[in-house]
1. Look through 91, 65 and report the one residue that is farther than 23 Å from residue 206 by Cβ, charged (D, E, K, R), without any contact (Cβ under 8 Å) to a residue 12 or more places away in the chain and exposed (fewer than 11 other Cβ atoms within 10 Å of the Cβ).
2. Can you tell me which of 173, 187 is outside the structural domain of residue 20 (by TED's automatic domain parsing), crowded, with 16+ Cβ neighbours inside 10 Å and either β-branched (Val, Ile, Thr) or within 24 Å of the chain's Cα centre (by Cα) (or both)?
3. Can you tell me which of (1) surrounded by 14 or more Cβ atoms within 10 Å (Cβ to Cβ); (2) part of a helix (DSSP H, G or I); (3) not acidic (Asp, Glu) is the one residue 37 doesn't meet?
4. Taking the condition touching a strand residue (DSSP E or B) at 6+ places or on another chain (Cβ under 9 Å), surrounded by 12 or more Cβ atoms within 10 Å (Cβ to Cβ), in a loop (DSSP other than H, G, I, E, B) and of a type in the set (Val, Ile, Thr), does residue 96 pass?
5. Could you go through segment 162-169 and let me know if any residue there is of a type in the set (A, V, I, L, M, F, W, C), in contact (Cβ under 8 Å) with a residue 40 or more places away in the chain, in a loop (DSSP other than H, G, I, E, B) and touching a Phe, Trp or Tyr at 6+ places or on another chain (Cβ under 9 Å).
6. Of everything in segment 5-18, what is in contact (Cβ under 8 Å) with a residue 12 or more places away in the chain and either in the same structural domain as residue 85 (by TED's automatic domain parsing) or outside any helix (DSSP H, G or I) (or both)? Give them in sequence order.
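The values are calculated or read from the model by the stated rules, or taken from the named source; none is laboratory data. Treat the numbers as computed from the prediction; the structure is a model and nothing was measured. Note: ideal-geometry Cβ built from the backbone for every residue, glycine included; neighbour counts use all protein chains shown.
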Amino acid sequence: MTGNTAFETRYGFARKDVRLDNWRLRPFCQWSFQNVGELVPSVHVAAAPGGEEEVKSLGALLEEKVTLTGGAETVEAFLKRSDTDGLTILKGGRLVGDWSAPHMAFGQRHIIFSISKSVTAILAGILQGEGVFDPEAPVTEYIPEAKGSAYGDASVRNVLDMTVSLDFEEAYLDPESAFARYRRATLWNPGGGSESLAAFLLTLPRLAEPHG
């Protein structure tokens, strides 16, 4: 089988059916979350060699029962019911095991959404340790054009701690909200390109409360 036939057999929909207006919805995200670069401008940053790990099964842990709303079910049943793509469990700094959905190959790249904040914080800590980054500096030291914006009197620490006093509501379903503008600016939604993410951020209004 080749072309769309093999694709549709695996995912249950055609590649052409995945668009900017639906790529974060099931069932399309089963493919798009592992192939974001085909939909949103992306850069592949390669990891240093030597960090690869072999998959380790969670084994009997998958058969453990968990009690949730609606009754008890196995861990594996919950993972399938909740449309989970992959799960890795660590305890005490050591790997317990991994689980992947049938459509998710172990080690395959996958969008991490808000985990990006943690990755950014790690990078900031590395740069601070090298003496080339000061988290206590004002934002304007690194982004002078932020002067006059909600970030104009905020510190980098405020940004890292997510304590900038912003008047911003995550109104996911309102197509006219600032959040919808944000998604268009990141080119995640149709209609993007007229406003860059940097330009959008500097238009956000400030609350009366102090940062922190």
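1. 91
2. Selected residue: 187, the only one of 173, 187 that is outside the structural domain of residue 20 (by TED's automatic domain parsing), crowded, with 16+ Cβ neighbours inside 10 Å and either β-branched (Val, Ile, Thr) or within 24 Å of the chain's Cα centre (by Cα) (or both).
3. Condition (1) is where residue 37 drops out.
4. Numbers: touching a strand residue (DSSP E or B) at 6+ places or on another chain (Cβ under 9 Å): yes; surrounded by 12 or more Cβ atoms within 10 Å (Cβ to Cβ): yes; in a loop (DSSP other than H, G, I, E, B): no; of a type in the set (Val, Ile, Thr): yes.
For residue 96, the condition - touching a strand residue (DSSP E or B) at 6+ places or on another chain (Cβ under 9 Å), surrounded by 12 or more Cβ atoms within 10 Å (Cβ to Cβ), in a loop (DSSP other than H, G, I, E, B) and of a type in the set (Val, Ile, Thr) - is not met.
5. Among the residues of segment 162-169, at least one is of a type in the set (A, V, I, L, M, F, W, C), in contact (Cβ under 8 Å) with a residue 40 or more places away in the chain, in a loop (DSSP other than H, G, I, E, B) and touching a Phe, Trp or Tyr at 6+ places or on another chain (Cβ under 9 Å), which makes the answer yes.
6. 12, 13, 18, listed by residue number.
Per-residue answers, yes or no, for (1) out of contact with any strand residue (DSSP E or B) (no Cβ under 9 Å at 6 or more places or on another chain); (2) modelled with pLDDT of 95 or more:
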| residue | (1), (2) |
| --- | --- |
| 17 | yes, yes |
| 26 | yes, no |
| 33 | yes, yes |
| 40 | yes, no |
| 43 | yes, no |
| 46 | yes, no |
| 53 | no, no |
| 57 | no, no |
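A quick yes/no check of all residues on (1) over 30 Å from residue 30 (Cα atoms); (2) among the aliphatic types (A, V, I, L, M); (3) surrounded by 15 or more Cβ atoms within 10 Å (Cβ to Cβ):
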position: 112; (1), (2), (3): no, yes, no
position: 117; (1), (2), (3): no, no, no
position: 122; (1), (2), (3): no, yes, no
position: 144; (1), (2), (3): yes, no, no
position: 163; (1), (2), (3): yes, no, no
position: 181; (1), (2), (3): no, no, yes
